[in-house]
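Only one structure is covered here, and it is reproduced in the block below.
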Amino acid sequence: MIQPKLFLTTAFFAALILAACGSATQPPPTTAAPAKVSASAPAATVLPATVPASRTPAPATEFPATPTELPTVAPANPPTAEKITAALADRLEVVRESSGDFAGTVFAMKLSPTGRILAMGGCGRGENGACSNETILRLIDVDSGKTLFDLKPLVPVIEKLAFSPDGTMLAIAGCVEGLYLVGQPDTNCHAPRLWTVDTATGNVLHEFGHYISNVTSIVWSPDGSRLYTGVLYETRLDKVDNEISYYDTASGKKLGIIEPAVTNCSTLRLDMTTDGHFLVLDLLGNCGYPSFVEWWDLSDPGRPRSVHHESPASNHHFTPDGKQIMTLNGNDNTFKLFDLQSGDTLAGYPSIAAQFAFGTWEFLGPDRLLLSGGSEPLQVYDLTSHKFVQPIRPSYLSFGQHLISPDGGTLMTYGYIGKDTLVKPSMSLWDVQTLKETILTTFAGQDPYGFEGSLQAFSTDQTRFVMADAFARIVIWGTRPPEQGAALKALQDYLGLLANGDYAQAAKQLVLVQTPDVNASIYNLDTLPQLVPEADPADPSALLKALCTDPKFPCMPLKDVAYQAQVAEHTFLFVVSFAGPDGNTAVWPLCAHVPATKSCSRRDGLFEFYVRLQPDGSYGVVNGLPPSLELRYP
């Protein structure tokens with residue numbers, strides 16, 4: 001028996017996109033609130049199967065990219081996406097889920113600022129599980145999981161990826177090393193290279209500089225006009241670059257260098273204020289040399305001016321207003337606050353070291369710090385009172401991670417609950433001001449083990465939260481779009497018509513398409529005459545009547561909507577249950593006499609229906625035949 005799936009497989013997603021892309025231009029959706037089951041329903045067009053979008057090749061360049069399918073074209077007037085906040089937690093859900101085919105080892109992974117493109121660099125995997133001789137470098141459409149471009153790698157090992165602020169360019173840094181040696185001890189990448197590509201075409205734009213040392217950090221100016229790089233400095237490996245280089249991204253020309261007081265065994269990590277005024281270096285000193293934080297005033301881009309050099313210091317964070325900078329002394333866990341413009345010390349916080357041993361830290365609003373210490377609860381330190389004020393303990397979490405939203409107003413905690421060998425995913429949103437937790441009840445169907453080592457990021461406008469793993473499985477979270485209410489009402493009306501025996505009217509809302517047999521509501525239309533021989537598939541009304549009058553599982557009233565999500569552009573999944581004669585959830589007939597200790601398909605009485613916006617502005621139920629169809633599967 002075919003099982004319900006709250007988590008879309010690759011084959012299903014491809015089929016759903018195939019069915020959903022029949023028109024290049026769609027009308028703007030209408031907005032309607034969910035309603036109770038109605039005895040009448042709007043008409044919808046019964047459409048034939050559609051064909052996939054055409055492939056558009058990229059212009060040829062010196063290093064041509066391999067073009068693949070382009071992303072789905074957005075509708076003319078899509079609903080305005082809402083910013084993800086704790087206040088909207090009850091409307092946060094999975095709005096896209098896709099599975100890629102990245103069968104290899106990932107070296108680097110980065111999400112574009114808009115949250116629409118995923119860059120992945122790595123290698124193909126050989127029979128023994130180690131890297132093969134194939135370098136994989138791709139731009140992936142986040143919404144569909146499809147590869148946009150297989151980029152031409154200039155070196156076999158990809159180490160760093162960085163999108164420009166507007167997402168139109170991608171900087172790529174890598175080096176030469178035998179792929180089979182990646183991850184092995186005492187290996188050394190040589191011949192480092194840095195280049196940029198156009199994310200719209202996949203074409204190489206420029207290669208920058210002649211590096212001796214590996215590029216460890218890439219920072220773009222806010223307008224995308226300049227590119228700054230930090231390197232690894234280690235004389236033992238003949239990596240003797242010792243400066244920050246910066247370039248004009250339009251011409252590819254080197255504009256100059258900045259020379260910090262680099263010591264041997266140093267890694268240069270760069271950051272920049274959002275206004276592009278200050279460039280900050282965290283120099284991580286190894287081999288017994290002290291680490292330090294230094295920053296430069298870039299008001300004259302051709303002549304950067306050093307503002308302050310703080311040593312010892314391990315790393316930094318900007319205050320939310322971007323006017324100050326706080327550094328951490330990793331030797332004793334003490335903090336100092338500085339004015340960015342003058343470099344003057346504004347405050348010190350020595351008391352933290354005596355109270356808490358932590359791993360990471362960041363600002364939680366203008367006057368608090370959020371500190372994590374591995375398995376310990378997240379701690380909140382008040383910068384005004386110099387005291388710890390509140391630990392953050394998610395209600396349902398035994399292991400997890402956290403992320404602060406781009407606007408600093410929302411904290412997200414996520415991970416899994418482990419108890420009695422059962423593992424369930426958990427996610428919560430917190431209002432940063434009140435530190436009030438809202439648990440997400442819609443967190444269903446996700447792999448809780450997929451968090452570790454994966455990418456998790458908000459888009460810069462905070463309208464989507466993206467998770468991606470090393471196999472290009474992508475999960476996108478967003479607020480429930482207004483049109484989803486109209487789609488739900490269409491489904492409620494449709495199921496109400498079936499329960500009331502109005503098959504002719506219900507048939508106007510049924511959309512039959514030829515799709516693969518991968519799901520209870522997705523089947524091959526060619527086999528339908530075999531399953532329902534008493535009805536002509538060309539007569540949807542007769543088909544619905546034959547299935548709804550099946551004595552084993554007749555069409556019953558809708559009882560509850562257990563799960564809902566947007567799974568493609570203007571396409572929505574609803575998982576529903578039906579009310580039996582006694583008013584309780586209707587039990588799947590095959591499970592009625594099976595003991596509760598035994599597994600039985602559909603014991604929960606849940607069934608999937610997919611609703612899609614049609615060209616005429618109505619919503620159609622895609623292949624939404626009554627559940628009794630499943631009783632007829634051989």
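Got at least one residue in the range 438-448 being at pLDDT 80 or above, buried (at least 22 other Cβ atoms within 10 Å of the Cβ) and part of a strand (DSSP E or B)?
Looking through the range 438-448, none of the residues is at pLDDT 80 or above, buried (at least 22 other Cβ atoms within 10 Å of the Cβ) and part of a strand (DSSP E or B).
Restricting the first member to the range 279-302 and to residues that are β-branched (V, I, T), and the second to residues that are not in a strand (DSSP E or B), the beta-carbon pairs closer than 9 Å and six or more apart or on different chains are V280/T273; V280/L340; V293/S311; V293/A313; V293/S314. Taking the criterion of being polar (S, T, N, Q), within 18 Å of C175 (Cβ to Cβ) and open to solvent by less than 50 Å² (accessible area, probe 1.4 Å), the residues of the range 218-255 that qualify are T229, S245. Taking each residue of the range 399-414 that is farther than 15 Å from T360 by Cβ and looking for partners that are among the β-branched types (V, I, T) with beta-carbon atoms closer than 6 Å, six or more apart or interchain, yields P406/T460; G409/V432; T410/T85.
For the range 300-316, name all the residues that are under 18 Å from D344 (Cβ atoms) and open to solvent by 10 Å² or more (accessible area, probe 1.4 Å). Residues satisfying the conditions are R305, S306, V307, H308, H309, E310, S311, H316. What do you reckon, is L543 of a type in the set (A, V, I, L, M, F, W, C), modelled with pLDDT of 90 or more and open to solvent by less than 20 Å² (accessible area, probe 1.4 Å)? Considered against the rule, which asks whether it is of a type in the set (A, V, I, L, M, F, W, C), modelled with pLDDT of 90 or more and open to solvent by less than 20 Å² (accessible area, probe 1.4 Å), L543 comes out as yes.
Checking each residue in the range 104-133 for being over 18 Å from the mean Cα position of the chain (by Cα) and open to solvent by less than 10 Å² (accessible area, probe 1.4 Å) picks out G104, G122, C123, G124. For the range 582-591, filtering for residues that are part of a loop (DSSP other than H, G, I, E, B), under 19 Å from L629 (Cβ atoms) and open to solvent by less than 60 Å² (accessible area, probe 1.4 Å) leaves 2. Among the residues of the range 134-170, those that are touching a helix residue (DSSP H, G or I) at 6+ places or on another chain (Cβ under 8 Å), farther than 25 Å from A568 by Cα and either touching a residue at least 60 places away in the same chain (Cβ under 8 Å) or open to solvent by 30 Å² or more (accessible area, probe 1.4 Å) (or both) comprise E134, T135, P156.
Condition test on S459, is it surrounded by 17 or more Cβ atoms within 10 Å (Cβ to Cβ) and modelled with pLDDT under 90?
Numbers: surrounded by 17 or more Cβ atoms within 10 Å (Cβ to Cβ): yes; modelled with pLDDT under 90: no.
The answer is no for S459.
Can you confirm whether A200 is open to solvent by less than 60 Å² (accessible area, probe 1.4 Å) and either touching a His at 6+ places or on another chain (Cβ under 6 Å) or not charged (D, E, K, R) (or both)? Here the answer is no, as A200 does not meet what is asked.
The values are calculated or read from the model by the stated rules, or taken from the named source; none is laboratory data. Here the structure is a predicted model, which is why all the values come from computation and not from measurement. Cβ coordinates were reconstructed from backbone atoms using ideal geometry, including for glycine residues, and neighbour counts include every protein chain displayed. Each accessible area value is taken on the protein alone, full model and side chains, heavy atoms only, with ligands, DNA and RNA left out. Shrake-Rupley method; radii C 1.70, N 1.55, O 1.52, S 1.80 Å.
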